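The structure appears right after this line, and notes come after that.
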Amino acid sequence: MFSRLPPVTQALLIINGLAFALQYLLTNETFAAFMLWPIGDVGFDAYAPEQSFLPWQLLTYGFLHGSFTHLAFNMLALLMFGAPLEYTWGNRRFLIYYLVCVAGAGVCQLLVSSWTVAQGGGAYPTLGASGGVFGLLLAYGMLFPNQRVMLLIPPIPMKARTLVIVYGVIELLMGFTGLQPGVAHFAHLGGMLFGWLLIRYWRGQPPFGKGGPRRPTIVR
């Protein structure tokens, strides 16, 4: 089955798996400079550059994970939603979409975490592909709204459009109430937001004008 996956989805699975293996072998501290760190009051810290925000972190954090469970759930979602989207959009457009969602999720998380640090909170790094995965979930729900999907926990079948709405509401509530600390809920929402904006742009829909879909026209 793995050999039949489209190439970008397959490559993303391999890269994430290899990155996690290196984290396990070399410890997380080795990859601190590639995690997403908040912008504190002093900005870049020359005495601890590996714990300062650096521009490339907006992408690299999305290929690192905190645990095997974290990796497994994200890769399962990438497999479920990424492959059909790549077959629909093509390799290049799918990769652009995924990376935009990862970076967009990073921007939203950066704003929230930097504000927290400014209020006296601790500076903790963010890592994981969840922002990109939530962007894929959003796209799947928009392109295949009536496709039925099965949740793992609890095992309830529902339409893809319903799944997107349910997860979006849950993430919003969790983010504002703080009931699940240690999870970057606003990064998840950021991935969905930037994915939605990019699809609107490709379709030529407001706020990007009304000129009709941009090439290719398979963005439904």
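The values are calculated or read from the model by the stated rules, or taken from the named source; none is laboratory data. Computed from a predicted model, the values in this text were never measured in an experiment. Heads up, the Cβs are rebuilt from the backbone with ideal geometry, glycines too, and the neighbour counts pull from every protein chain shown.
Observations
- Residue within the stretch 116-137 that is in contact (Cβ under 8 Å) with a residue 60 or more places away in the chain, at positive phi and either assigned to a loop (DSSP other than H, G, I, E, B) or crowded, with 23+ Cβ neighbours inside 10 Å (or both) present: yes
- Flag for LEU179 being under 27 Å from LEU110 (Cα atoms), surrounded by fewer than 18 Cβ atoms within 10 Å (Cβ to Cβ) and at pLDDT below 80: yes
- Number of the exception - GLY104 against (1) more than 18 Å from PHE34 (Cα to Cα); (2) buried (at least 24 other Cβ atoms within 10 Å of the Cβ): (1)
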